[in-house]
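See structure below.
Values quoted throughout were computed directly from the atomic coordinates according to the rules given, and no laboratory measurement underlies them. Treat the numbers as computed from the prediction; the structure is a model and nothing was measured. Because the Cβ atoms are built from the backbone with ideal geometry, glycine has one as well, and the counts that use them run over all protein chains shown.
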């Protein structure tokens, strides 16, 4: 499910970029070479393009990790799984929430909550959920991850 989400979100960000200033997804003014004039004469961070690049990189990393795990399963002498169901999605969500938390610092939205905005607060809540899940299955011995994960779910 994570890889189709990445593709859909990347396509959606193309639409955000094409909308320009009306979408309110652009970044703050910048002198960087990446700055783009969205029609107001001010070069701004193209946060939509940054997000597309990040999503594609994240998708490639997750695909490579998934292939690596699959190869381990094929070469393993046992049929036990190394990672729990949903691990790719958990890694996707954690990576995306971290990215969104950081990128929102360069968006011209109000940051009234200790220097954070609403999206950043939502990212923190999501990270507080996903990081312990990932930590739980990553610290387990390789051949026991699936068994202990499902035992905890009962």
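Side notes on the structure shown:
- Gain upon complete extension [residue 33, residue 102; 0.36 nm per residue less C-alpha separation]: 22.9 nm
- The length gained on full extension between residue 56 and residue 116, counted as 0.36 nm times the residue separation minus their Cα-Cα distance, comes to 19.0 nm.
- Linear extension gain, residue 11 paired with residue 23, 0.36 nm per residue minus alpha-carbon span: 2.8 nm
- Sorted on the mean count of surrounding Cβ atoms within 10 Å across their residues, most packed first, peptides 121-127, 51-57 read 51-57, 121-127.
- Amide N of segment 92-110 lying under 13 Å from the label point, which is placed 7 angstrom from the Cα of residue 124 along Cα→Cβ: 101-102
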